[in-house]
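Peer 1: One structure, as structure tokens, below. Some questions next.
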Amino acid sequence: MPTKLPSHSSAAPGLDALPEFAAIRRTFEETLPGRLALLHQLAASGQFEELARQAHMLKGSAGNFGRAELGQLAGTIEQHLRQGDVATALGALDHIDTHHQPMKGSLA
Amino acid sequence: MNSLKDARILIADDEGGMRNLLASIVKSNGYSDIEMASDGQKALDILRDTRRKFDIAMLDIDMPGFTGIEVMRMALALRPDCFFIIVSAHSGVENVKSAISSGAKGFVVKPYNTSKIMDILERYEREARLVKA
């Protein structure tokens, strides 16, 4: 059963205290829909190497901006693509799409 | 360099948000002389310009052009005193081994918190003090 991404989650410890963090996270959140759309475009066009690269980037950044579950799903996509298991990777991609919700708190 | 906090730092990552985040953490630790590069080629170009001193280079592994490890390998000959730190979401032992055996003084796994970055900057400061002593 897929788990729903929380609408609010914590950034990595200490980051919330940084003066610029809210603005940096806001930019991340604003660009997230476009990044998820890009993942789908790459999947649809069979560009799996680039899809793995983009998923890897998302894995790295999502956890820093309070999106741990999203980062884990992105990591699953990357891992399965690197192993040549495209079907499982695309299944994880559908997970991201179904359960992505804007993080309301970060846009305040 | 009058103070260790005057160190010049290069941050290279192809994701703007992660560059800005790392710069923000570094600034919160008292450093202000920061330059950023958005891909491996730009990072290498900056490090190859030996007219400018860099004390610390924080390089993401996965970047267009060259990986952070490739940049470090090519730049180390020109900058043997630079404190290279590899940053990556690749947390596998092989990546860490490759980075350290290639000359990195530290490896930071994404996602990271402020204390991980602070720890590694404190290590830089300890080593820099030993060199100055």
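The values are calculated or read from the model by the stated rules, or taken from the named source; none is laboratory data. Only a predicted model underlies this, so the values are computations on that prediction, with no experimental measurement involved. Note that we place each Cβ from the backbone using ideal geometry, even for glycine, and neighbour counts take in every protein chain shown.
Peer 1: Would you mind telling me which numbered condition in (1) among the aliphatic types (A, V, I, L, M); (2) free of Cβ contacts under 8 Å to residues at least 12 places away in the same chain; (3) farther than 20 Å from residue B:117 by Cβ residue B:78 fails?
Peer 2: (2)
Peer 1: Just for segment B:32-61: of the residues that are surrounded by 20 or more Cβ atoms within 10 Å (Cβ to Cβ) and within 14 Å of another protein chain (Cβ to nearest Cβ), which one is nearest to the chain's Cα centre (by Cα)?
Peer 2: So, considering only residues that are surrounded by 20 or more Cβ atoms within 10 Å (Cβ to Cβ) and within 14 Å of another protein chain (Cβ to nearest Cβ), the one nearest to the chain's Cα centre (by Cα) is B:58.
Peer 1: Go through segment B:97-113 residue by residue and tally those that are surrounded by fewer than 17 Cβ atoms within 10 Å (Cβ to Cβ) and part of a helix (DSSP H, G or I).
Peer 2: Counting residues in segment B:97-113 that are surrounded by fewer than 17 Cβ atoms within 10 Å (Cβ to Cβ) and part of a helix (DSSP H, G or I) gives 3.
Peer 1: Mind checking which helices (runs of 4 or more DSSP H) fall wholly inside segment A:9-95 and carry at least 1 residues that are within 21 Å of residue B:118 (Cα to Cα), within 12 Å of chain B (Cβ to nearest Cβ) and in contact (Cβ under 8 Å) with a residue 24 or more places away in the chain?
Peer 2: Details: elements: A:21-44, A:48-62, A:68-82.
Because the criterion is at least 1 residues that are within 21 Å of residue B:118 (Cα to Cα), within 12 Å of chain B (Cβ to nearest Cβ) and in contact (Cβ under 8 Å) with a residue 24 or more places away in the chain, the helices (runs of 4 or more DSSP H) in segment A:9-95 that meet it are A:21-44, A:48-62.
Peer 1: Let me ask you something else. Among (1) out of contact with any Phe, Trp or Tyr (no Cβ under 7 Å at 6 or more places or on another chain); (2) modelled with pLDDT of 95 or more; (3) acidic (Asp, Glu), where does residue B:81 come up short?
Peer 2: All conditions pass for residue B:81, except number (2).
Peer 1: I need a count of the residues in segment B:3-31 that are more than 12 Å from chain A (Cβ to nearest Cβ) and in contact with an Asp or Glu (Cβ under 9 Å, 6 or more places away or on another chain). Steps first, answer last, please.
Peer 2: Applying the first criterion (more than 12 Å from chain A (Cβ to nearest Cβ)) to segment B:3-31 yields B:3-12, B:30-31.
From what's left, in contact with an Asp or Glu (Cβ under 9 Å, 6 or more places away or on another chain): B:4-12, B:31.
Here the count works out to 10.
Peer 1: On to the next question. Which members of segment B:47-73 meet the condition of being out of contact with any strand residue (DSSP E or B) (no Cβ under 6 Å at 6 or more places or on another chain) and of a type in the set (A, V, I, L, M)?
Peer 2: Across segment B:47-73, the qualifying residues are B:47, B:63, B:69.
Peer 1: Inspect all residues belonging to segment B:32-51 and state whether any of them is within 24 Å of residue B:122 (Cβ to Cβ) and in contact (Cβ under 8 Å) with a residue 40 or more places away in the chain.
Peer 2: Checked against the condition, which is being within 24 Å of residue B:122 (Cβ to Cβ) and in contact (Cβ under 8 Å) with a residue 40 or more places away in the chain, segment B:32-51 yields no hits at all.
Peer 1: Quick one: in segment B:76-89, which of the residues that are out of contact with any Pro (no Cβ under 9 Å at 6 or more places or on another chain) and closer than 19 Å to residue A:65 by Cβ is surrounded by the most Cβ atoms within 10 Å (Cβ to Cβ)? Step through it out loud before you land on a result.
Peer 2: Quick first cut of segment B:76-89, residues out of contact with any Pro (no Cβ under 9 Å at 6 or more places or on another chain) only: B:76-88.
This time we only want the ones that are closer than 19 Å to residue A:65 by Cβ, so: B:87-88.
Details: B:87: 27, B:88: 23.
Filtering first and then ranking leaves B:87.
Peer 1: Just to be sure, is residue B:63 within 19 Å of residue B:23 (Cα to Cα) and in contact with a helix residue (DSSP H, G or I) (Cβ under 6 Å, 6 or more places away or on another chain)?
Peer 2: Values: within 19 Å of residue B:23 (Cα to Cα): yes; in contact with a helix residue (DSSP H, G or I) (Cβ under 6 Å, 6 or more places away or on another chain): yes.
So residue B:63 passes the test.
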